[in-house]
Each structure stands twice: as C-alpha cells, then as structure tokens.
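A.B. asks: So that we are looking at the same thing, I have put the structure below in structure tokens.
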Amino acid sequence: MSEGRVPGQIHDGFLPGRHGIDAYGNGGFRFGQMSHRGSILLLPSGVRAWDVSEPGAIDGASLAPILAEAEGIELLLIGTGADIVFLPDSVRQRLKAAGIGLDTMQTGAAARTYNILMAENRKVAAALIAVT
C-alpha cells in the first residue's frame, strides 16, 4: 500500500482491477475488501467513484468514462436506484453508437447481474446509483 492511502477506501476515486460487489445499501457499496459511499462505475479498468445520485443526471458527460472503454464493454448494466427508471433515447443511442448494449434495472438487481456476468468473464460494465 502506498503512502497516503487509507485502508478500505477507494484511492483518488479509483480502484484498479475487476471486482464483484460484496454488498450494497446505506448509500454505498462494498467490493475488493473496500467500501465506498456514493455511486460507482465498474469498468474493465477498475472501479471508479461516479458523481451521479439520480437517474436524471445520467448524460453524455457522466457516461464519458464508459465510452472511453467501449472496446472492452459489450453490455452496460445501469442500476437506477430503488426504482427502475428508463433512460432518454439520446443516452441509449449514444451507447448503441459505441457498440454497447444497455440494460437498466434497480441497483440491487444490476449489482447481482454484474457479479454473475463478470464471473462468466463477459465484457460487462455497470453504472450503479447508490441506494439507502
């Protein structure tokens, strides 16, 4: 562990590597023997803090880290919190143009589905809005 890191926290908003979700709720997630309060992105490169707290904030800017890794992603799971919220067509079209399939569901279902697909070595990513 490098100097300045706090054990059990994402360092600088990023944890390299693929990690399954061990738990979620109380406004955050547990993964890779760490925890994070707030929303997260699970990408091929690692886990990132995601500055989205409601589905209405999902737009081109919030999807930029996902689009930057599009070649390693076939399916994006978006967990929209406690309720399923369908995303605007513009968001869907942007992901489709990048060759990324999309499935939107509650955060808990998205976390469980991500774990299964990741264990199958699928090219999956997830954008999970934290739930309380």
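The values are calculated or read from the model by the stated rules, or taken from the named source; none is laboratory data. Since this is a predicted model, take the numbers as computed values, not measurements. Cβ: placed from backbone, ideal geometry, glycine included. Neighbour counts: every protein chain shown. Accessible surface is based on the protein model in full, side chains and every heavy atom, while ligands, DNA and RNA are left aside. Shrake-Rupley method; radii C 1.70, N 1.55, O 1.52, S 1.80 Å.
A.B. asks: Kindly check whether there is at least one residue in the range 68-89 that is in a helix (DSSP H, G or I) and farther than 24 Å from G32 by Cβ. Walk me through how you get there before you give the answer.
C.D. replies: If we filter the range 68-89 for residues that are in a helix (DSSP H, G or I), which is where we start, we get 68, 70-72, 89.
Subsequent filtering for residues that are farther than 24 Å from G32 by Cβ retains 89.
Yes: the range 68-89 contains one or more residues that are in a helix (DSSP H, G or I) and farther than 24 Å from G32 by Cβ.
A.B. asks: What do you reckon, is G56 assigned to a helix (DSSP H, G or I), open to solvent by 40 Å² or more (accessible area, probe 1.4 Å) and out of contact with any His (no Cβ under 7 Å at 6 or more places or on another chain)?
C.D. replies: It is true that G56 is assigned to a helix (DSSP H, G or I), open to solvent by 40 Å² or more (accessible area, probe 1.4 Å) and out of contact with any His (no Cβ under 7 Å at 6 or more places or on another chain).
A.B. asks: When only residues in the range 31-48 that are under 12 Å from the mean Cα position of the chain (by Cα) and not in a strand (DSSP E or B) count, which is farthest from A111 (Cα to Cα)?
C.D. replies: This residue is S45.
A.B. asks: May I pose another question? Looking at D83, is it open to solvent by 30 Å² or more (accessible area, probe 1.4 Å), modelled with pLDDT of 95 or more and in contact with a Leu (Cβ under 6 Å, 6 or more places away or on another chain)?
C.D. replies: Working: open to solvent by 30 Å² or more (accessible area, probe 1.4 Å): yes; modelled with pLDDT of 95 or more: yes; in contact with a Leu (Cβ under 6 Å, 6 or more places away or on another chain): no.
Criteria not met by D83.
A.B. asks: Counting only residues that are among the charged types (D, E, K, R) and touching an Asp or Glu at 6+ places or on another chain (Cβ under 9 Å), which one in the range 100-127 is nearest to A70 (Cα to Cα)? Talk me through it step by step, then tell me what you get.
C.D. replies: Initial filter on the range 100-127 (among the charged types (D, E, K, R)): 103, 112, 120, 122-123.
Next cut, touching an Asp or Glu at 6+ places or on another chain (Cβ under 9 Å) only: 122-123.
Values: R122: 14, K123: 10 Å.
Filtering the range 100-127 for residues that are among the charged types (D, E, K, R) and touching an Asp or Glu at 6+ places or on another chain (Cβ under 9 Å), the one nearest to A70 (Cα to Cα) comes out as K123.
A.B. asks: Can you find a residue that is under 16 Å from the mean Cα position of the chain (by Cα), under 20 Å from P16 (Cβ atoms) and not polar (S, T, N, Q) anywhere in the range 85-108?
C.D. replies: no
For every residue, the table says whether it meets (1) over 17 Å from G99 (Cβ atoms); (2) among the small types (G, A, S).
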| site | (1), (2) |
| --- | --- |
| G25 | yes, yes |
| G28 | yes, yes |
| S39 | yes, yes |
| R48 | yes, no |
| G56 | yes, yes |
| A68 | no, yes |
| G72 | no, yes |
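The rows are residues; the columns are (1) touching a residue at least 12 places away in the same chain (Cβ under 8 Å); (2) part of a helix (DSSP H, G or I); (3) open to solvent by less than 90 Å² (accessible area, probe 1.4 Å); (4) within 17 Å of Y24 (Cβ to Cβ).
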position: V91; (1), (2), (3), (4): yes, yes, yes, no
position: R94; (1), (2), (3), (4): yes, yes, no, no
position: T104; (1), (2), (3), (4): yes, no, yes, yes
position: A110; (1), (2), (3), (4): yes, yes, yes, yes
position: T113; (1), (2), (3), (4): yes, yes, yes, yes
position: I116; (1), (2), (3), (4): no, yes, no, yes
position: N121; (1), (2), (3), (4): no, no, no, no
position: A130; (1), (2), (3), (4): yes, no, yes, yes
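A.B. asks: Might you let me know whether the range 29-49 holds any residue that is over 21 Å from G13 (Cβ atoms) and without any contact (Cβ under 8 Å) to a residue 60 or more places away in the chain? Can you show your working first?
C.D. replies: Initially, the range 29-49 is screened for residues over 21 Å from G13 (Cβ atoms), giving none.
So far as the range 29-49 goes, no, none of its residues is over 21 Å from G13 (Cβ atoms) and without any contact (Cβ under 8 Å) to a residue 60 or more places away in the chain.
A.B. asks: Here is a follow-up. Go through (1) within 16 Å of H19 (Cβ to Cβ); (2) at pLDDT below 95; (3) of a type in the set (G, A, S) one by one and return the number of the condition A127 breaks.
C.D. replies: It fails just one condition, (2).
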